[in-house]
Amino acid sequence: MRFLKQALLVAALALVPLAGVGAAQAGNVKIGFIVKQPEEPWFQDEWKFADQAAAEKGFELVKIGAADGEKLMAAIDNLGAQGVQGFIVCTPDVKLGPGLVAKARANEMKMMTVDDRLVDAAGAPLASVPHMGISATRIGETVGHAIMAEIKRRGWNIAQAGAIRVSYDQLPTATDRVEGAISILKAGGFPQASIFDAPQAKTDTEAALNAATTVLNAHPGIKRWVAFGLNDEAALGAVRATESVGIPPENVIAVGIGGAESAINEFKKPKPTGFAGTVIISPRRHGYETALNMYEWIASGAAPEPLILTSGTLAARNDYQQVRKNLGIE
Ligand code: GLA
């Protein structure tokens, strides 16, 4: 009996370190990070900060760009074949929601979304998939306030100005952002009839430039313009459009969202352009924190919070360095 007890104790002790190994050993953890637009500075920054989490915790990070649904499905299979246990994704199409959930499940991987939240067949957010995104309406409102303040500072007659709403309405966070901005413009007396939709085919600068050019050409009588959209690329595309039709920068007020390299490079130009500001959001939280959340989920079974919404801070050409410093960005 005593011998048996001892034998059991030895066996139990022997199991202790084993239990600590299993899934929790960092060396075994592989995490995927898929983004829809790898060339965009925002997503490069997300990856950079996810890499930091990987270096700190000692897991392997597999980064893949997937610009459309087909590439995304292939990327998920690819991660599954590599033995990845979970991934974070900013999907090129939020309507793939239920399909992605099934795909992740078939590959026995955990899934968390970042930036763009998946929807179901009825367009409602997929609450079962943990998500980190920006507080889209609030941040859009900040854009609106920034535009109104600049209109007042320049002493414009609001009745004669036009607004370019660079839009990508198939993406709920994009609609929430621009509608947040519009609500503030309208509250400030901006005429609804002077707000023009500029639907972009893709969420990059070139697509925004094309969309905004169409609006400008349709309204040659309007001499002063404000512009806003989903991100810095949208606002910058509108600025490039005004430049291409010869509208001077003092007649343009565009405010973006992001604060990554595209915005900073614009602020660094020797002469001010129509890009009046950006709401700086946090690629560190979206990259580092999501990667860490996924790591904890895999290693210790603690699922991330279902919905995390991050905030933004307005910055302009004259104060962006100070704002970045205050936010702890370089
Ligand atoms: C979307 C946009 C990106 C960036 C993120 C932030 O994915 O396409 O440019 O603004 O949201 O969450």
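In region 143-152, is there at least one residue being in contact (Cβ under 8 Å) with a residue 24 or more places away in the chain, out of contact with any strand residue (DSSP E or B) (no Cβ under 7 Å at 6 or more places or on another chain) and surrounded by 23 or more Cβ atoms within 10 Å (Cβ to Cβ)?
Quick first cut of region 143-152, residues in contact (Cβ under 8 Å) with a residue 24 or more places away in the chain only: 143-148, 150-151.
Filter again for out of contact with any strand residue (DSSP E or B) (no Cβ under 7 Å at 6 or more places or on another chain), leaving 144-145, 148.
Still in the running and surrounded by 23 or more Cβ atoms within 10 Å (Cβ to Cβ): 144.
Yes, because at least one residue in region 143-152 is in contact (Cβ under 8 Å) with a residue 24 or more places away in the chain, out of contact with any strand residue (DSSP E or B) (no Cβ under 7 Å at 6 or more places or on another chain) and surrounded by 23 or more Cβ atoms within 10 Å (Cβ to Cβ).
Looking at this structure, is L72 within 16 Å of the ligand (Cβ to nearest atom), aliphatic (A, V, I, L, M) and at pLDDT 95 or above?
Yes: the conditions hold for L72.
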Region 241-330: strands (runs of 3 or more DSSP E) wholly inside it with 1 or more residues that are over 30 Å from L126 (Cβ atoms) and away from the ligand (no atom under 16 Å from the Cβ) are 252-258, 275-280, 313-316
Only unsatisfied item for A201, checking (1) within 16 Å of the ligand (Cβ to nearest atom); (2) out of contact with any Leu (no Cβ under 9 Å at 6 or more places or on another chain); (3) in contact (Cβ under 8 Å) with a residue 24 or more places away in the chain; (4) under 30 Å from L126 (Cβ atoms), is (3)
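Among the residues of region 158-177, count how many are within 15 Å of the ligand (Cβ to nearest atom) and either at positive phi or in contact with a Phe, Trp or Tyr (Cβ under 6 Å, 6 or more places away or on another chain) (or both). Outline the logic, then answer.
The first filter runs over region 158-177 and keeps only residues within 15 Å of the ligand (Cβ to nearest atom), leaving 166-177.
Now narrow it down to the ones that are either at positive phi or in contact with a Phe, Trp or Tyr (Cβ under 6 Å, 6 or more places away or on another chain) (or both): 174.
Looking only at that region, the number is 1.
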Checked region 120-134 for anything more than 14 Å from I298 (Cβ to Cβ) and buried (at least 19 other Cβ atoms within 10 Å of the Cβ); matches are V129, H131, M132, G133, I134
For region 316-330, pairs from a residue that is of a type outside the set (S, T, Y) to a residue that is exposed (fewer than 12 other Cβ atoms within 10 Å of the Cβ), with Cβ under 7 Å and 6 or more apart or across chains, are R324/E330
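Determine, yes or no, whether K186 is free of Cβ contacts under 8 Å to residues at least 40 places away in the same chain, surrounded by fewer than 24 Cβ atoms within 10 Å (Cβ to Cβ) and within 16 Å of the ligand (Cβ to nearest atom). It would help to see each step written out before you state the result.
Values: free of Cβ contacts under 8 Å to residues at least 40 places away in the same chain: yes; surrounded by fewer than 24 Cβ atoms within 10 Å (Cβ to Cβ): yes; within 16 Å of the ligand (Cβ to nearest atom): no.
The answer is no for K186.
What residue, of A193, A235, A212, A263, is crowded, with 19+ Cβ neighbours inside 10 Å and either under 19 Å from Q160 (Cα atoms) or out of contact with any strand residue (DSSP E or B) (no Cβ under 9 Å at 6 or more places or on another chain) (or both)?
Details: A193 fails: crowded, with 19+ Cβ neighbours inside 10 Å; A235 fails: either under 19 Å from Q160 (Cα atoms) or out of contact with any strand residue (DSSP E or B) (no Cβ under 9 Å at 6 or more places or on another chain) (or both); A263 fails: either under 19 Å from Q160 (Cα atoms) or out of contact with any strand residue (DSSP E or B) (no Cβ under 9 Å at 6 or more places or on another chain) (or both).
After applying the criteria, what remains is A212.
Tell me, please, whether a residue that is under 28 Å from I257 (Cβ atoms), modelled with pLDDT of 95 or more and within 16 Å of the ligand (Cβ to nearest atom) can be found in region 16-32. First the steps, then the outcome.
Taking region 16-32 and keeping what is under 28 Å from I257 (Cβ atoms), we get 31-32.
When the remaining residues are screened for being modelled with pLDDT of 95 or more, the result is 31-32.
Applying the additional criterion that residues be within 16 Å of the ligand (Cβ to nearest atom) yields none.
Within region 16-32, none of the residues are under 28 Å from I257 (Cβ atoms), modelled with pLDDT of 95 or more and within 16 Å of the ligand (Cβ to nearest atom).
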Within region 122-157, the residues that are within 16 Å of the ligand (Cβ to nearest atom), within 14 Å of E305 (Cβ to Cβ) and among the small types (G, A, S) are G133
By residue number, the members of region 78-121 that are in contact with a Ser or Thr (Cβ under 9 Å, 6 or more places away or on another chain), hydrophobic (A, V, I, L, M, F, W, C) and within 16 Å of the ligand (Cβ to nearest atom) are I88, V89, C90, V94, L100, M112, V114, L118
Residue set L216, L230, L209; condition at pLDDT 95 or above, within 16 Å of the ligand (Cβ to nearest atom) and either not in a loop (DSSP other than H, G, I, E, B) or not hydrophobic (A, V, I, L, M, F, W, C) (or both); output residue L209
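Listed here are the residues, each with its yes/no results for (1) among the hydrophobic types (A, V, I, L, M, F, W, C); (2) surrounded by fewer than 17 Cβ atoms within 10 Å (Cβ to Cβ).
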residue: P283; (1), (2): no, no
residue: H286; (1), (2): no, no
residue: T290; (1), (2): no, no
residue: Y295; (1), (2): no, no
residue: S300; (1), (2): no, yes
residue: I308; (1), (2): yes, no
residue: D319; (1), (2): no, yes
residue: Q322; (1), (2): no, yes
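The values are calculated or read from the model by the stated rules, or taken from the named source; none is laboratory data. Keep in mind the model is a prediction, meaning the values are calculated, not measured. Glycine also receives a Cβ, built like all others from the backbone with ideal geometry; neighbour counts cover every protein chain displayed.
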